[in-house]
Structures are given as structure tokens and as C-alpha cells.
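Each value in this text was obtained by applying a stated rule to the coordinates, not by laboratory testing. Quick caveat, the model's predicted, so the values are computed rather than measured. Every residue, glycine as well, gets a Cβ built from its backbone with ideal geometry; the counts of neighbours run over all protein chains shown.
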Amino acid sequence: IMLVLSSLRCLFFLLSLLSFIVSIPVLASSEAVQHLTRLLGQNQSVEAYFTQYILDASGSRLQETKGYMVLAQPNRFYWQTEAPFAQVLVSNGTKMWLYDQDLEQVMVQPLDPRTTHTPALLLNGSSRQLDRQFQVYKQDIGRDVVQFILQPRPDTESLYQFLRLYFKADQLQQMQLVDSMEQKTSLYFHQLKTNIAVDSSIFKFQIPPNVDVIEAIPAI
């Protein structure tokens, strides 16, 4: 399991919290959860390109990469990053595959929507779990931009200290994360399309020949 989590960190941790807003959020708990759930739940499918960055705890840039994603409810996603960190993460709603091209390795594990291991899972299917998994805060920061801060509850499993989601005119613009080692991530979404027709075959991962396959057994 630790190997799986480590690889997922490598996939998603890519640059920084560029604007850390220190003011106290103006709205917390149920109303914020309901608003965020509505925004995440209004799209049955999402397609977008993205740029990912990562900074270490001192603020030095570690990585930059670009990628492409397709999300479809419930809990299906395709998330691909380009070289030099070429990886593919796919879920068909019940199972998840992580393919690392450089390592020639595929890790397979059951998908558990109750966990928050991946931004893709949070964005496309886990809004129903928001109140159970997170304390959610909302802040209107002007020019039709709304920020949500998600702090994992103490009794939940999460790789992150907190997450931030930014919406402009109800459309997702950015996602920012800080992990337990103080690494800071930003994902910027562009060419985003919602409620489009999606070919479901993209969520059926075909394991390439001559790669190592690791079946991860979840802890009981």
C-alpha cells in the first residue's frame, strides 16, 4: 500500500500554493458543503487539459508537467501526465490502475471512494462524501471567484493537510494541495468542457505487454 501511495504522490505533487490567503474563511460547515457539492455534482462528465506544478517546503520548484483528464460520474476517470513524468491513472468505478511508463509497471487496486488519494476521485465522484471526509470552508474572493478550503477530518485517511478549489462563474479553475511533508501542489485547468459525450472505453485500461503488474491488497 505504501508503494501505491508513494507513486500517487509522484503523479500529483507538482508545484505550489502560489497565493496563500491567510484571512479567516467567511463561511464554514453545512452551507459551504452544499454549495461545493452542487458545483461538483452539476457535471456528469468533465474533460480538460491541465498544468501541474510542485514546490518543496522551502518554496523551490521541483517539477512541472502537463496532462489531460476525463472524468465521468460515478467515480470513473482517466488522468494522464506527459513526459518526463509520464504516467496514466485510470478508474472504471470499481478498480484503479496506475501505469508508470518509465518503470514499466502497473499497480492495480480496488477503488475506495471513501478515501482522498487522488484529485480525480475528489472532483468526479466523492462529493457525497465531502461532509464525512472534510471540514469545508467557503470564501468569496471577488470577480466572481469562490474559494473552498477542505481540511481532512482527524479520523479520515488523507494524503493532504488541506486542499483548495477555485471556481470562477461556477467553473473549476484551480486545485491546490499541501501534503504531510509540506510539499505544495497546484493544478491549473484549461480548455475545460463539461457534460460532454464520453467514450466509456477510455476507462477500461488495457495493461501493456511486458510490464510488471502489482496487485495491491487493501489493509483490513
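With r defined as the distance between the Cβ atoms of A86 and V145 and R0 fixed at 30 Å, what FRET efficiency is calculated, to the nearest 0.05?
Calculated transfer efficiency: 0.40.
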Additional length obtainable on full extension of the chain from A216 to S60, 0.36 nm per residue less Cα span: 52.9 nm
Once the dipole of segment 125-216 is set up from charges on Cβ (+1 Lys and Arg, -1 Asp and Glu), the residue from the list L163, M181, P208 lying farthest towards its positive end is L163
Greater than 23 Å apart at Cα, pairs in K168/K204; K138/K168; K95/K168; K184/K204; K66/K95; K168/K193: K168/K204; K95/K168; K184/K204; K66/K95
Percent of alpha carbon pairs in segment 42-113 separated by more than 16 Å? 58 percent
Quick one: length gained pulling Q171 to D102 fully straight, 0.36 nm per residue minus the C-alpha distance? 21.4 nm
Taking the simple approach of a point 7 Å from Cα along Cα-to-Cβ for both I196 and E31, what is their distance in nm? 3.6 nm
Report the trypsin sites (Lys or Arg not before Pro) located in segment 159-209 that are in a DSSP loop and have at most 16 other Cβ atoms inside 10 Å of their Cβ, or state none. K204
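Hey, how much of the P(r) for segment 164-220 falls beyond 18 Å, as a percent of Cα pairs?
Cα-Cα pairs in segment 164-220 separated by more than 18 Å: 67 percent.
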What does the extension gain come out to for S45 and Q73, with contour length at 0.36 nm per residue minus their alpha carbon separation? 9.4 nm
